[in-house]
């Protein structure tokens with residue numbers, strides 16, 4: 001970090017005109033330069049009483065969780081390095097994990113494997129330039145208005161995430177959005193990255209140099225990530241949290257009535273649509289000055305009719321220059337479409353086959369299959385010359401490149417995403433095994449005499465805060481048993497509080513650790529953590545309010561007896577669901 005040594009308040013001048021740095025100034029400069037190291041050292045020391053005074057493993061694991069949380073929020077190290085902190089501390093402190101292979105198993109789980117496959121599919125799409133053709137055509141059809149484009153992209157991503165997983169929906173939109181922004185930059189309408197002269201020291205992020213994204217770039221990518229998250233809660237296919245909600249309701253309370261999927265869809269769909277609409281207004285207001293017509297950014301993105309016609313002419317010419325659709329683009333497009341269809345089919349059939357192990361190898365099989373197809377399918381039809389009858393055809397002397405190669409994967413896949421996802425989930429799994437969440441449930445029983453809506457709001461806020469540190473499915477898996485005990489102690493229908501916890505755990509908007517889609521977009525365009533934390537304030541407030549309204553008000557219209565304590569709620573069955581297994 002560079003320091004301006006001409007700041008008058010930092011220095012005193014001697015009679016010989018030599019600049020003497022005062023002691024106070026030296027300390028200030030040291031803190032500015034080495035604040036990350038100070039955070040790394042001071043945080044474990046300040047939180048050490050939690051570990052030393054603890055008499056159970058629950059608080060010892062809580063100590064590791066708090067250290068990991070501070071490191072993630074302050075961005076003290078690269079997220080990929082921070083992800084190694086929990087595993088390192090578990091080993092050094094010898095906290096007595098029951099199974100020696102436990103951490104290794106939970107690092108390899110469905111979301112992590114799904115992310116690997118989808119990031120490879122993204123590389124294949126960009127290599128084929130299919131996203132560029134789609135971007136130009138989209139701009140030709142719908143124009144270049146940011147308000148109109150963001151509406152189309154956000155809601156398209158939201159509805160797509162209702163049919164497939166949110167990771168796949170967001171992953172397919174990412175190369176398209178990138179191509180659209182590049183086309184805007186070519187036409188001089190915006191800048192994808194800050195110009196070199198304006199990039200500050202933060203562009204050298206943890207010894208890695210990269211181009212810092214502009215607010216336009218952050219706006220579009222966070223918009224599709226948040227939309228995918230919100231759309232996923234509407235259906236059983238799009239959200240793994242809904243699947244776990246049904247699984248826990250049927251397993252913890254065997255005598256409870258079976259939750260009907262149409263009822264769950266009717267319950268969550270209005271919330272998803274309302275959140276999507278308000279998210280669109282929030283993102284456009286926060287980044288593009290919507291409802292502030294005289295703001296600088298609103299004036300900057302405005303276009304006259306003559307400018308719009310000129311841009312349309314340029315786009316039309318560019319689309320003509322792209323020529324006919326190539327075989328490479330066609331085959332990649334077919335495989336991507338196949339991935340979406342297979343995801344929908346496999347997820348729909350798997351919903352009926354819940355098992356005690358909750359294995360998700362079937363749901364990630366479509367992505368794996370399509371990635372293998374990309375690795376073996378040639379990008380050109382040159383090999384067909386060997387089968388032509390004419391003997392005068394010039395034969396190729398080398399094999400045709402495939403749509404995806406390992407060299408491309410090594411170069412373009414951001415592997416830190418995998419560490420972030422695996423680490424956050426392992427942290428929550430360890431907290432569950434140590435009994436930390438059981439302690440949390442006992443703590444929440446202090447509000448057992450509160451009215452049901454007030455207790456639901458407390459559960460929503462608690463789960464919302466915790467879910468920022470791990471993916472939604474992992475948070476639901478760890479928290480729902482504790483919430484079920486709270487509902488039993490509070491004489492409230494367990495479905496009432498468990499639904500509140502499920503919806504709130506599904507909506508993480510502030511940190512890359514909170515959702516695989518957040519981690520993917522943050523790594524894809526290098527979104528600064530502080531930018532994501534600030535942009536997520538609006539969606540988080542919307543999520544809390546709408547989730548509370550859905551549970552406290554709208555749920556009574558769908559489940560008329562959800563506010564009544566049933567007889568089956570007095571008995572909780574002890575179960576052991578291993579969510580991490582992929583066998």
**Request:** Calculate the spin-label point distance for residue 137 paired with residue 84, positioning each point 7 Å from the Cα along the beta-carbon direction, and give it in nanometres.
**Result:** 4.5
**Asked** Ranking 463, 117 by Cβ neighbours within 10 Å, fewest first, what do you get?
**Response** 117, 463
**Asked** What is the calculated FRET efficiency for residue 405 to residue 553, with r their C-beta to C-beta distance and R₀ = 60 Å, to the nearest 0.05?
**Response** 0.65
**Request:** Using R₀ = 30 Å, calculate the FRET efficiency as 1/(1 + (r/R₀)^6) where r is the Cβ-Cβ separation of residue 414 and residue 308; round to 0.05.
**Result:** 0.25
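On a full-extension model of 0.36 nm per residue, what is the gain between residue 185 and residue 530, subtracting their alpha-carbon distance, rounded to one decimal in nm?
121.7 nm
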**Asked** Which shape class applies to region 456-583: rounded if a/c is under 1.5, otherwise prolate when a/b exceeds b/c and oblate if not, where a ≥ b ≥ c are the square roots of the Cα gyration tensor eigenvalues?
**Response** oblate
**Request:** Compute the FRET efficiency between residue 263 and residue 30 as 1/(1 + (r/R0)^6), taking r as their Cβ-Cβ distance and R0 = 60 Å, and round to the nearest 0.05.
**Result:** 0.50
**Prompt:** With labels modelled as points extended 7 Å from the Cα through the Cβ direction, what inter-label distance (nm, one decimal) is found for residue 50 paired with residue 250?
**Reply:** 3.7
**Asked** Taking the Cα-to-Cβ direction at residue 330 and at residue 37 and moving 7 Å from each Cα, how far apart do the two end points lie in nm?
**Response** 6.0
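Readers should treat all values here as calculations from the given coordinates under stated rules, not as data from a laboratory. Bear in mind that the values here come from a model prediction, so they are computed numbers and not experimental data. A quick note on method: Cβ atoms are made from the backbone with ideal geometry, for glycine too, and the neighbour counts reach across all protein chains shown.
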